[in-house]
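Visitor: Can you read through this structure? Questions will come right after.
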């Protein structure tokens, strides 16, 4: 009996060691868990960020980043589309323009002193260019054709288009005529007659024979008419002048060469029909310097209160 009791007592220290070991391991695990527990100020998750590579290159306009050129190109495209729409809208109301085939050549201006002294009045310099509108007192306008000046409210241009006017002479006459129209506004009137064997009248009214007012629209139509004139045929000055006088304008600009002159009887009939109601300016076209000999064009100007001038077509 004593032997058995001593054996049981020998196992008590071993059991106590095992319990202590378990307690220590549990305590260690608890401490370790507490140490590694995240604190309230610990690691937080940052929001996701997008990362991109930006390419940069140099242009004549400075630094340019990849994608910026595409943006600028898009802006330019949109701007061009807007401009195209604005231009299209403007062209819808644009005035009538000459057909390119009818365009007049640009002619050089001839400076002062190129014209000889005139028995009736020295014309001054050739213009061959557009004038600035000049409205005088009483609603009158001052118009110049190759330096000859006329004042009034109603003007008629009587221009030779016979075969002798071919080339530069007719082209210069057309340009001078259209340039002179810029001096007129819508309160003034004008008519255009080109003549050879027949008289060709600017008919804007469908045969009604009315003299148009100088609106922008009428000037555009006149430019079409003038652009379509060509040189051809002979010369019948008398019929053209008589028709112009019958319109009773303030001023007639009569342009022709001196070949095949009008007769004294025709000049007298013209003077009597006009009765000094219209001033007739005579513009003589000739090749080479003026000969100094007076002709029927001088007589037309003198008998009808106008001026005469000479244009050397070889200098056009």
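Visitor: Kindly rank 197-204, 167-174, 250-257 from highest to lowest mean number of other beta carbons found within 10 Å of each residue.
Guide: Put in order of decreasing packing, that is 250-257, 167-174, 197-204.
Visitor: May I ask you to sort 309, 182, 230 by Cβ crowding, counting other Cβ atoms within 10 Å and putting the fewest first?
Guide: Ranking 309, 182, 230 by Cβ neighbours within 10 Å, fewest first, gives 230, 182, 309.
Visitor: Then there is this: For the modelled label position 7 Å from the Cα of residue 187 along Cα-to-Cβ, which residues of the stretch 142-168 have backbone nitrogen atoms closer than 13 Å?
Guide: 142, 152-154
Visitor: Now for a separate question. Fewest Cβ neighbours within 10 Å first, please rank 145, 158 accordingly.
Guide: Ranking 145, 158 by Cβ neighbours within 10 Å, fewest first, gives 158, 145.
Visitor: Please rank 299, 149, fewest neighbouring Cβ atoms within 10 Å first, as an exposure proxy.
Guide: By the 10 Å Cβ count, ascending, the order reads 149, 299.
Values in this text are rule-based calculations from the coordinates and carry no lab data. Please read all numbers here as calculations on a predicted model, not as lab measurements. Ideal geometry is used to build each Cβ from the backbone, glycine not excepted, and the neighbour counts take in all protein chains shown.
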